[in-house]
Every structure is written in C-alpha cells, then in structure tokens.
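The values are calculated or read from the model by the stated rules, or taken from the named source; none is laboratory data. All of these numbers come straight from a predicted model, not from anything done at the bench. Here Cβ is always computed from backbone atoms with ideal geometry, including for glycine, and neighbour counts include all displayed protein chains. These area figures cover heavy atoms from the full protein model, side chains too; ligands, DNA and RNA do not enter into them. Shrake-Rupley method; radii C 1.70, N 1.55, O 1.52, S 1.80 Å.
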Amino acid sequence: MKLFKKLISPLLVALLLAGCSSMSSGVKVGDQEFTSAEIQKTVDEILASRKNVDTSGMDLVVGPELLRDQAQFFIVRVLMDKIAKDMFVTVTPADVAARRADVITRLGSESELPAALVGANLAASNFESYLRVLIISERLDENFIKSGVSESDAPKFVEQLVIETASKMGIKVNSKYGKWNADNASIQASDATDGAVTEQP
C-alpha cells in the first residue's frame with residue numbers, strides 16, 4: 001500500500017484529507033451539485049471492497065469521516081477541472097489510461113489494485129477521476145517550472161492557485177492548516193437557507 005500512496009501528491013493529500021461537512025442532501029460547488037445518494041454510493045462501494053481484501057495494517061477512514069472524505073473528493077474533482085480549464089491544461093482519456101498502466105506496473109500486477117484502492121480509501125469507480133486530478137496537479141507543477149519557478153517552489157505556486165480558485169468558487173480554504181475551513185465554507189446543502197456549513201457530529 002505504501003507504493004500506491006507515494007503516487008498521491010502532497011497537495012491532493014491535504015485536500016482529500018481535509019474535513020468537509022456531511023449533509024443530508026449532498027454538496028454544491030460552483031454550478032455542480034452532488035446528491036447524498038451519489039456520495040453514499042462511493043462509500044458503499046469502498047465498504048464492500050474492504051470485505052474482499054486483507055485490511056490489517058491499513059489506515060482506513062471509517063464512519064462519518066468516510067462520508068466527508070468522499071464528499072471532499074467530489075469537490076476536489078470540480079475544483080481541479082475548473083483550474084485545468086482556466087489554465088488550459090488538457091488531460092485526455094489516453095493520458096489517464098497511461099497513468100493507470102503505470103500504477104499497475106508499480107504495484108506489480110492488476111490483482112494488487114483492489115487492495116491498493118482500499119488502502120487509499122478510494123472507490124474503484126472514482127479511480128480514473130482521481131488519476132485525472134493527479135495529472136492536472138502534476139502538469140500545473142510542470143507549467144510553473146517551465147515559467148521559471150524553481151522545482152522546489154512550484155508546489156507552493158500550485159497550492160496558491162488552488163486556494164485562489166477555491167475562493168473564487170465560494171470555497172474557503174484555511175491555508176494555515178492546509179485544509180478546507182468547513183465551519184465557514186460556502187459549500188452548502190441544496191436545501192440550505194443560510195448558506196452556512198457546519199461539521200456534523
């Protein structure tokens with residue numbers, strides 16, 4: 001599982017592990033809205049897949065945290081797609097397929113993928129979306145380097161771009177902790193009246 005986790009960029013780890021409220025009607029970010037049923041489906045998929053692999057020694061997300069984690073992934077997908085469009089970063093299905101093949105090579109075989117996904121708390125149905133987000137992040141990093149930013153500083157420029165884009169889309173990021181500021185975020189339930197989002201117990 002360690003090999004698979006090494007494929008996850010630090011920036012995306014910060015985004016994916018950050019807290020997001022779990023809401024009965026789902027989440028809305030920009031003009032994209034995801035119902036609780038869509039989010040719950042990925043949670044159910046992850047829980048079902050855990051029954052088929054040995055999870056001993058894995059650091060797994062459970063309970064309400066898993067639901068928030070999956071809601072967060074939906075938000076990250078929309079956010080990174082927005083950044084890719086604005087920055088003219090193109091990721092083709094062939095790019096995703098090539099990255100998937102690379103992951104399989106690093107893991108050793110296709111049969112290792114289910115356990116790797118479980119270890120990373122990823123639903124198989126979201127794997128290609130995850131790879132797309134990862135490629136966008138890497139290409140943004142490369143673009144900054146080509147523009148003269150040092151390799152060591154490029155990730156900071158990408159992080160700042162993410163924070164700025166999130167702000168423009170009504171998502172507030174707590175840069176001090178590198179996490180979504182769930183208490184003040186403008187991500188709201190579709191039936192919310194005051195736009196406030198709070199963590200659920």
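How many residues does the range 136-160 hold that are in a helix (DSSP H, G or I), more than 26 Å from Ala94 (Cα to Cα) and among the hydrophobic types (A, V, I, L, M, F, W, C)?
Total meeting the criteria: 1.
I need the full set of residues from the range 120-144 which are at pLDDT below 90, closer than 14 Å to Asp81 by Cα and either open to solvent by 40 Å² or more (accessible area, probe 1.4 Å) or among the polar types (S, T, N, Q) (or both), in order please.
Of everything in the range 120-144, those that are at pLDDT below 90, closer than 14 Å to Asp81 by Cα and either open to solvent by 40 Å² or more (accessible area, probe 1.4 Å) or among the polar types (S, T, N, Q) (or both) turn out to be Ser137, Glu138.
Can you find a residue in the range 100-114 that is of a type in the set (D, E, K, R) and under 16 Å from the mean Cα position of the chain (by Cα)?
no
Taking the condition within 21 Å of Thr42 (Cβ to Cβ), outside any helix (DSSP H, G or I) and under 15 Å from the mean Cα position of the chain (by Cα), does Leu122 pass?
yes
Yes or no: the range 145-158 includes at least one residue that is within 23 Å of Gly30 (Cα to Cα) and at pLDDT 80 or above.
Looking through the range 145-158, at least one residue is within 23 Å of Gly30 (Cα to Cα) and at pLDDT 80 or above.
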